[in-house]
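Take a look at the structure below.
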Amino acid sequence: MDRTVRTVEDVLQLLDGLFAPQADRWSADAGAWWDGFYADRSKPVPFFVPKPDENLVSYLDRGLVTPGRALDLGCGPGRNALHLASLGFEVDAVDLSPAAIAWARERAHETAVEVRFVCGDAFSLSGTGLSGPYDLIYDSGCFHHLPPHRRVSYLALLERHLAPGGRFGIACFADGAMGSELPDAELYRQGRLDGGLAYSARSLRRIFRDLTEIELRRMRDEPPDSSCFGEPFLWAGLFGRGN
């Protein structure tokens, strides 16, 4: 007999184990999966392009986000982190994949932009050497890979590390466009996430209701010759934390 559950984190780890190993793209053990994903840089993956998200550019152009300390969650090859740094932000960026971090550092070297790229688990920032408060926390494509129970960890991260008056930006799979639309409970019955979860505007507003909605819309489609990345299968949201 094994009775090990005592804390909230014990419960979260127990629920992690209800998913098949190949579904795991969120824990520290998922780095190898993502390394395989990033191994072929020539793949026609939309977000491999060295362009920032169009919504992030829009927030900056309109003064909705202003330079300060920024954290890029699940930064991948670093396209958004590098853009922020080029505009005067002090940027920390974290990703589970050593391959992604290596690629991001190469891009930083090529563009002579300084970003602190760290390979590690965003839910355990204390183990990465990174710490808040951050004036901006930005996530393009990380949130929709989390199982339902890890939203608890995600919200706790925002609570700990987003500065009063700070901004939280997110781009994630949109309902009716991409990602699984199964109810949360059914995901545990099947033991997989089908590549990522779709969200409705209503569900995003409910999940992030402790923050103030500034803007929530579908990301605009961007042509190949655009200086920005944009795909209409994503929600683009910006929320603020009160002072």
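The values are calculated or read from the model by the stated rules, or taken from the named source; none is laboratory data. Only a predicted model underlies this, so the values are computations on that prediction, with no experimental measurement involved. No Cβ is skipped: glycine too gets one built from the backbone with ideal geometry, and neighbour counts run over all protein chains shown. What goes into the accessible areas is simple: the full protein's heavy atoms, side chains included, and nothing from ligands, DNA or RNA. Shrake-Rupley method; radii C 1.70, N 1.55, O 1.52, S 1.80 Å.
With a 1.4 Å probe and every protein chain kept in, tell me what percent of the accessible surface of the chain is carbon plus sulfur.
Details: 6040 of 11580 Å².
The nonpolar share, carbon plus sulfur, comes to 52 percent.
Helix 150-161 versus the longest principal axis of the chain: what is the Cα-based angle in degrees, 0 to 90, to the nearest 10?
50
Provide the per residue accessible area, probe 1.4 Å, for region 1-78, rounded to a whole number of square angstrom.
Working: 4310 Å² over 78 residues.
It amounts to 55 Å² per residue over region 1-78.
For region 123-243, rounded, prolate or oblate, judged on the Cα gyration tensor with a ≥ b ≥ c (square roots of eigenvalues), a/c < 1.5 rounded, else prolate if a/b > b/c?
oblate
Local charge sum around Gly165 (other residues, Cβ-Cβ under 14 Å, Lys/Arg +1, Asp/Glu -1)?
That sum, taken over residues with Cβ under 14 Å, equals +2.
Assign one of three labels to region 59-189, namely rounded, prolate or oblate, based on the Cα gyration tensor with a ≥ b ≥ c the square roots of its eigenvalues; rounded applies when a/c is under 1.5, prolate when it is not and a/b is larger than b/c, and oblate otherwise.
Numbers: a/c = 1.62, a/b = 1.49, b/c = 1.09.
In terms of gyration-tensor shape, prolate.
Add +1 for every Lys or Arg and -1 for every Asp or Glu among the other residues with Cβ under 13 Å from the Cβ of Asp29, and state the total.
It works out to a net charge of -3.
Taking Cα pairs under 8 Å and at least six residues apart, what relative contact order does the chain come out at, in percent?
Across the chain, relative contact order equals 20 percent.
Run through the DSSP bridge list for the chain and note the antiparallel percent, rounded to the nearest 5.
35
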